[in-house]
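Read the figures in this text as sums done on the coordinates, not as results from a lab. This one's a predicted model, so the numbers in the text were calculated from it and none came from an experiment. Here the Cβ positions follow ideal geometry from the backbone for every residue, glycine too, while neighbour counts run over all protein chains shown.
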Amino acid sequence: MTRDVTDCAIMLGAVAGHDRRDSTSIDIPVPDYRAALATDISGLKIGLPKEYFIAGLDPDVQTSMDEAIATYRRLGAEFVDVSLPHTDCAVATYYLIATAEASSNLARYDGVRFGHRSAAAEGLITMMTQSRSEGFGPEVKRRIMLGTYALSSGYYDAYYVKAQKVRTLIMKDFTEAFGNADVLLTPVAPTPAFALGEKTGDPLQMYLSDIFTIPVNLAGTCAMSLPAGFSAAGLPIGMQLIGKPFGEETILRAAYAFEQATEWHTRKAVI
Amino acid sequence: MAHQKGGDLMRFQPVIGLEVHVQLKTDTKIFCGCSTRFGAEPNSQTCPVCLGLPGALPVLNRKVVEFAIKAGLATNCSIAGRSIFARKNYFYPDLPKGYQISQFEEPICQRGWLDIHLEGHEPKRIGITRIHMEEDAGKLVHSDTPGLEDGSGVDLNRACTPLLEVVSEPDLRSADEAVAYLKKLYQIVTWLGLCDGNMEEGSFRCDANVSVMPVDSDTFGTRAEIKNVNSFKFVKQAIEHEIQRQIDLIEDGGTVVQETRLFDPTTGKTRSMRGKEEAHDYRYFPDPDLVPLVIDTAWVERARSELPELPEARQKRFMAELGLPGYDAEVLTASRGIADYFETGVTAHGNPKAVANWVMGEVTRGLNDNGCAIDDCPIAPAQLAELLGLIDAGTISGKIAKTVFDEMWKSGKAPRAIVEEQGLVQVSDTAAIEAIIAEIIAANPGQVEEYRGGKEKVFGFFVGQVMKASRGKANPAVVNDLLLATLKQHPGGTT
């Protein structure tokens, strides 16, 4: 989103805050994020969730994370092991809740008011079905179908309601982990960046690439990713810092200290 | 064995539950700031939220919640400390988001009841399962509209207008009970000022779930749902027709299928709209754009303290404190406006029964003749009280008072001014009245003979003649006394 942490702090300051036209936004004061940026992080307790450092992690990603941990140790941070036991449910949970919401959110693209309207259609039903069939791409259609299924009568409890219950467990995982740590450090993805279109043939594999970023979205807490190295093939590797709810100042400060101590944010991938 | 069509109501008992949609009289819509005014230029009262533009989000109107709490309290419901909004998903051109925001699993009000009183029956308690808040859809306009000769249009002015859906238990056992329940609910929501009650504009409309079962059974039959009936008369017709249809069907060896039916007011019949197979799967789920609604006790108590005295309580008070007969008390609490008018009148005049008679008589007649509501009555309760005061004082007779009333209605003048201007003051002076009596007796010797021959009914004729000659101004009590004395004075009298 931005080129460096300072820009990120400035931008967040501009967009954060209560929006009275959004019932889900919270009315609390917006801190001065830029003022929070500092290089002194001595005593900062960084948690390493064991479920995110698994055997299947790409070796280059592992190396970058090891180096990042070493950098933080030099800067005076302390490390603790934490556990987010429901991590393995996160992708399934997310793809039930997000697709359910998407199936409903995208219902308004029915060709009546906006979006594509099929030229071929004659009656109301054909206008709606053809407009949607022609207008949406394969990934969107797949998600609409998944979400519609998850909400259907007879499946709602088994899928959507269960996913919401697991979501609560995932939130609890984070609350407990933050009992011991100020921030959590994890890779952004299990592998370095993959090529455009490389995984579209196997959507499930593609969805699993999001395994480390999805739990944060379900938990509703804050996180940011920043450059932390490159693979042997020269592809970028990201590090994720996860904060407590409304802990943006802490993760920005941790990110800023790392950025000041490293050069990754100045390098570009070879394409 | 063949059976008589139109047959056996005695062997079956109907089971009816009602879902009523009450449009709330808020200034603005339930999730945006657009006006709810009826009849404006199509799509002039819309914004990104009620048009369903991507990215626009709903924000709940506090007034709607307040109205829902009041409706719940007035119908003996418990108010949920936490309730949630859900999306009801279906495709229709008048539904811009492709879903309606409603409440499903955790509605704001639950477990209430209303008592209905059918004449000749004991009062009966009808359960209310739930009351929930939701947004209305828009409206389709078809080719009978100027400028739309070859197609249909969508008017989204009504989209996002606040509704309460009031769902009854299947406690109703006849069309008459259903109508009594509906009228009671209608009285309450209009009394509280939650709904304008305009049924023609759809402010109060009803779906009826109807089934029948053998009288000795306690297992409900399969029900049909009759959609969107918007008058008390049509509700009665639709339910009665549907009950008979189901009985005929069963007696012919058929089975009732679960389906949605439409009532056609021109034929008085219901017809199938869609069957169980075509029934929608609405895929209800909590709306992620809205947070759970939390209502604390203080809010409920504030709403309770703002509730006016409800019709039933007021009816009882009119009987107990003002000594009105039950019938009068019921008529005078038909609407809050009528009850307020009556009570203001009583405060100014002091004789409740006299005020009651006039409000139920002349005032109601005036309103009906002029097609106006009590709030627009040109005669204020204080003026009516002044008029009644003139009768009490003997200044005018009750008969003349009606003439004065009509004049007050037309000119808006004070009753005393009308009486003086038109010389309508009652004549109680015995000399003047005796003179008239003498003239009448002299002019009608035949009737005098009849009376004296024992035909006492003729007495009424003399009263009428005297009143007429005095142009209604003679004091009827004085006329009676003097006339009786005069007729009996003469020799040959019967007594």
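Numbers at a glance
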read-out	value
Efficiency of FRET between B:L262 and A:R3 - r from beta-carbon atoms, R0 51 angstrom, step 0.05	0.20
Spin-label pair B:C47/B:S217, simplified geometry with 7 Å Cα→Cβ offset, distance in nm	5.2
Axial C-alpha extent at least 15 Å, average Kyte-Doolittle at least 1.6 - helices from chain B (DSSP)	B:430-443
In degrees, nearest ten, helix A:124-135 long axis to first principal axis of chain A (Cα)	40
Candidates A:A261, A:A158, A:A36, ranked by Gaussian network fluctuation over chain A, Cα under 10 Å, top entry	A:A158
Relative contact order (%) - criterion: Cα under 8 Å, at least six apart; region: chain A	25
Nearest-20 debye value, chain B charge dipole, Cβ charges on Lys, Arg, Asp, Glu	460
Residues of type lysines that B:K233 reaches as a straight line, Cα spacing below 20 Å, ignoring anything fewer than 8 places off in the same chain	B:K183, B:K184, B:K269
In region B:174-221, GluC sites (Glu not before Pro) in a DSSP loop with at most 14 other beta-carbon atoms within 10 Å	B:E200, B:E201
FRET efficiency, B:F38 to B:R271 (Cβ-Cβ, R0 35 Å, nearest 0.05)	0.75
Spatially close lysines, pair count over region B:309-421: Cα under 26 Å, gap of eight or more or interchain	9
Selection from B:L322, A:I41, A:L151, by position along the positive dipole direction of the protein assembly as shown (Cβ)	B:L322
Those trypsin sites (Lys or Arg not before Pro) in region B:231-314 that DSSP places in a loop and that have at most 12 other beta carbons within 10 Å	B:K276
For region B:60-172: lysine pairs under 30 Å (alpha-carbon distance), excluding those fewer than 8 apart on one chain	10
Low-density loop positions, trypsin sites (Lys or Arg not before Pro), region B:4-75 - DSSP coil, at most 14 other Cβ in 10 Å	B:K5, B:R37
Folded to 0 to 90 degrees: helix A:90-105 orientation relative to chain A principal axis, Cα	40
Virtual spin-label span in nm between B:K413 and B:E169, 7 Å along Cα→Cβ	6.0
Among A:T87, A:T24, A:T250: highest mean-square fluctuation, GNM of chain A, C-alpha pairs under 10 Å	A:T24
Most mobile listed residue (A:A35, A:A228, A:A68) in chain A, GNM with C-alpha springs under 10 Å	A:A35
Distance (nanometres) between label positions extended 7 Å along Cα→Cβ at B:F459 and B:Y90	7.2
C-alpha long axis of helix A:248-261 to longest principal axis of chain A, angle in °	60
Debye log10 I(q)/I(0) for chain B, one point scatterer per Cα, at q = 0.08, 0.10 Å⁻¹	-0.69, -0.91
Size of electric dipole in region A:93-151: Cβ of Lys, Arg +1 and of Asp, Glu -1, about Cα centre, debye, nearest 20	60
Value of relative contact order over chain B, rounded to a whole percent, pairs C-alpha under 8 Å and six or more apart	14
